[in-house]
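The values are calculated or read from the model by the stated rules, or taken from the named source; none is laboratory data. On a predicted model such as this, the values are computed, not experimentally measured, just so you know. Note that we place each Cβ from the backbone using ideal geometry, even for glycine, and neighbour counts take in every protein chain shown. All accessible areas refer to the heavy atoms of the entire protein, side chains included, with ligands and DNA or RNA removed. Shrake-Rupley method; radii C 1.70, N 1.55, O 1.52, S 1.80 Å.
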Amino acid sequence: MPAKNDLQPLHEASVFGEGIAYFNEAAAKLDLDANMRRVLTHPSRQVIVSLPFQRDNGDFEVYTGYRVQYSTARGPAKGGVRYHPGVTLDEVTALAFWMTWKCAVVDLPFGGAKGGVTCDPTKLSIGEVERLTRRYAAEIIEIIGPDKDVPAPDVNTNSQTMGWIMDTVSMHLRNHTPGVVTGKPLCIGGSRGRVEATGRGVMITIEAALEKMGRTIKGSTIAIQGFGNVGSISAKLLHEQGAKVIAISDQFTGIHNKDGIDIPAAIEFVSNKKNKKRSLEGFTGGTPIGSNEVLELACDILVPAALENQITEENAKRIKAHLIAEGANGPTTAGANAMLAQGGVTIIPDILANAGGVTVSYFEWAQNRAGYYWREREVNERLRDVLRENFDEVWNTAASHKTTLRTAAYMVAIRRVAEAYEARGFYA
Ligand code: GLU
């Protein structure tokens with residue numbers, strides 16, 4: 001008999017609900033105790049803050065910010081902060097939930113968290129974004145810290161955003177506190193290799209999966225949705241490994257070139273200062289196509305590296321790739337996931353495929369605590385070791401339980417988090 005609230009009806013139609021569906025599948029395979037299930041399907045803390053800040057014209061606006069700490073069983077809560085018009089409490093909770101399993105599946109000593117501000121940063125000046133960021137940091141200052149909760153970049157935030165948060169916290173506390181955030185600029189305690197880490201992790205996990213299938217990156221054809229940090233760096237590293245990246249996209253357009261896109265040229269195009277939107281619109285290295293068409297092109301490997309819920313029951317049947325590596329968090333709905341699994345498509349789930357970023361965040365946090373900084377080669381080697389080792393654990397779990405890599409990844413992660421709760425006992 002399932003426990004009373006196992007199905008979480010309140011969350012059914014939400015992003016968090018999609019995550020819970022995956023959790024339930026793995027929990028059932030693990031035969032997870034109903035009490036533990038109940039605990040693990042609730043966020044431990046959800047904070048909502050109002051953020052008044054001054055526009056350049058003197059007017060005040062009040063935006064809403066969130067920080068959700070899903071779990072701290074294995075260590076300080078950890079996860080990025082995103083700035084996006086679609087940010088809601090439900091979305092941030094789902095993302096904090098995923099961070100919990102992501103940190104656990106690669107065995108980092110962290111719990112899971114996520115933050116967000118509902119805003120469109122492309123409509124704000126740099127000064128406005130700075131004031132908004134500092135206000136957000138000040139509003140959540142009691143709940144973040146190197147031993148409490150460590151924010152990092154996510155959608156539309158970057159090392160500059162982290163620099164402002166680090167400075168705001170350090171000024172308030174009158175204490176140099178680099179370990180309060182990761183993904184900082186190098187000159188104030190960032191880690192070498194952090195900017196490329198998520199894309200590098202996507203490449204490493206693709207390589208590991210292909211190896212198991214007797215294939216190689218070299219010669220594979222790849223389509224990538226999203227050309228922000230994760231999409232563009234995955235594209236660059238896969239291109240360097242000899243893959244043919246036949247399609248890329250952003251929210252404005254897709255670009256298709258069956259002979260392979262010149263990725264360094266595409267990156268240069270979006271990075272040009274004159275290209276204010278950082279868009280691929282106008283890039284001449286291929287034929288323009290619709291943004292979402294990239295998902296459905298004939299290719300070996302698909303990398304969704306944009307936002308949640310992009311691969312749905314509606315478009316899943318048209319996907320032709322045999323391997324999907326989820327660079328984004330939650331790009332595949334539970335319904336689409338089941339259809340793809342049935343069709344024999346292998347999916348490297350988000351919590352594993354994009355865990356490279358938080359893994360190097362862990363290295364950054366460790367370097368901050370030690371006050372001793374590593375070389376880039378060291379960072380990249382250790383990242384590869386962490387991902388390969390845990391990829392194998394997930395792969396073997398999938399093989400022995402005859403399940404998908406996603407369910408296996410959740411099984412590995414849930415087992416580790418549950419073990420931590422058991423070791424600590426429940427504080428009551
Ligand atoms: N935002 C990234 C993610 O979703 C990185 C999080 C972190 O480094 O804490 O994994």
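Laid out as a table, the results:
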{"read-out": "Contacts under 9 angstrom Cβ, first residue in segment 125-140 being open to solvent by 20 Å² or more (accessible area, probe 1.4 Å), partner among the small types (Gly, Ala, Ser), 6 or more apart", "value": "135/65; 139/50; 139/65"}
{"read-out": "When residues of segment 25-42 are limited to those that are open to solvent by less than 40 Å² (accessible area, probe 1.4 Å) and touching a Ser or Thr at 6+ places or on another chain (Cβ under 8 Å), the one nearest to residue 336 (Cα to Cα)", "value": "26"}
{"read-out": "Matching helices (runs of 4 or more DSSP H) fully within segment 331-385 where at least 1 residues are open to solvent by 10 Å² or more (accessible area, probe 1.4 Å) and not β-branched (Val, Ile, Thr)", "value": "334-342, 356-370"}
{"read-out": "Hits in segment 152-211 (condition: away from the ligand (no atom under 12 Å from the Cβ), of a type in the set (Gly, Ala, Ser) and under 25 Å from residue 226 (Cβ atoms))", "value": "163, 193, 208, 209"}
{"read-out": "Unmet requirement for residue 72, which otherwise passes all of (1) away from the ligand (no atom under 16 Å from the Cβ); (2) of a type in the set (Val, Ile, Thr); (3) within 19 Å of the chain's Cα centre (by Cα)", "value": "(1)"}
{"read-out": "Filter result for the condition that a residue is open to solvent by 10 Å² or more (accessible area, probe 1.4 Å), more than 11 Å from the ligand (Cβ to nearest atom), closer than 29 Å to residue 42 by Cβ and in contact with a Pro (Cβ under 9 Å, 6 or more places away or on another chain), over 147, 107, 120, 90", "value": "147"}
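This table checks each residue for (1) touching a residue at least 12 places away in the same chain (Cβ under 8 Å); (2) touching a Ser or Thr at 6+ places or on another chain (Cβ under 8 Å); (3) under 30 Å from residue 312 (Cα atoms).
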{"residue": "341", "(1), (2), (3)": "yes, yes, yes"}
{"residue": "353", "(1), (2), (3)": "yes, yes, yes"}
{"residue": "374", "(1), (2), (3)": "yes, yes, no"}
{"residue": "378", "(1), (2), (3)": "no, no, no"}
{"residue": "381", "(1), (2), (3)": "no, no, no"}
